[in-house]
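Only one structure is covered here, and it is reproduced in the block below.
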Amino acid sequence: MRGRVMIKYHKGLTLVEMIVAIIILAVALVGITRSITTGLSNSGNIIVETQAVALAQSYLDEILGKRFDDASSPRGIPPCRTNCTDEVDFGPELPEDERIEFDDVDDYHDLDEGWEQLTPLQDAEGNDREGYDNFRVHVTVRYLDLGVGEPEEGLGVDGDDLENEQDAKLITVTVFHPTNEDGWKFSVYKANF
């Protein structure tokens, strides 16, 4: 019996096992392909959104660098109160027909530039902006509504953070693009100083 050789039988894959393995790999590859395709199609949106944020930031920087109101002193102290511009007067004054002449945040109210507008997108010096094709910017400025704040629990704050509606102005820059016709809204407050 010593001369007897033991033969081991190696089992291979059956045809059924091969088909099941191929089906599992096919399903996995379809999932991977779809996720890659979705990621690639959304990468264009990220670029547009990044451009929209940069555009809004440049407009907000320009606007926030201006005085609170025409009646504000050059340094902003003391704050203007009864002589501040009424809401109906927001917008550029008559001699300020060009962006370079805007000297306070009110002048930017209803500014509408860019895609499908008469005026192209411009920078603070009135030069056309490059690289923002199909973008549109709309700016609104208004006084705050008093009494709309939420009370904070345990702090004894009643929601009225401001004493006077002329303590701050809400500036909203909305950036539009054909991929987002509702626009991206960016809002900041300019304090009365």
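For the range 71-78, the criterion of a residue being at pLDDT 85 or above and out of contact with any strand residue (DSSP E or B) (no Cβ under 7 Å at 6 or more places or on another chain) is satisfied by no position.
The residue that is modelled with the highest pLDDT, among those in the range 130-180 that are open to solvent by 80 Å² or more (accessible area, probe 1.4 Å) and assigned to a strand (DSSP E or B), is 142.
Restricting to the range 102-129, name every residue that is among the acidic types (Asp, Glu) and crowded, with 17+ Cβ neighbours inside 10 Å.
Kept after step one, since they are among the acidic types (Asp, Glu), are these residues of the range 102-129: 103-104, 106-107, 110, 112-113, 116, 123, 125, 128.
Scanning the range 102-129 gives 104, 106, 107, 113.
The residues listed here are 112, 103, 86, 97; of these, the one that is charged (D, E, K, R) and modelled with pLDDT of 90 or more is 112. The C-beta contact set for the range 110-126 (first residue in contact (Cβ under 8 Å) with a residue 12 or more places away in the chain and of a type in the set (Phe, Trp, Tyr), second residue assigned to a loop (DSSP other than H, G, I, E, B) and open to solvent by less than 40 Å² (accessible area, probe 1.4 Å), distance under 6 angstrom, 6+ apart or interchain) comprises 115/135. So which residues in the range 99-120 are assigned to a loop (DSSP other than H, G, I, E, B) and more than 19 Å from residue 188 (Cβ to Cβ), if there are any at all? Once the filter is applied, which keeps residues that are assigned to a loop (DSSP other than H, G, I, E, B) and more than 19 Å from residue 188 (Cβ to Cβ), the range 99-120 yields 115, 116, 117, 118, 119, 120.
The values are calculated or read from the model by the stated rules, or taken from the named source; none is laboratory data. Model, not experiment: these values are computed from the prediction. Positions of Cβ are backbone-derived with ideal geometry, glycine not excepted, and every protein chain shown enters the neighbour counts. Heavy atoms of the whole protein, side chains included, go into the accessibility calculation; ligands, DNA and RNA do not. Shrake-Rupley method; radii C 1.70, N 1.55, O 1.52, S 1.80 Å.
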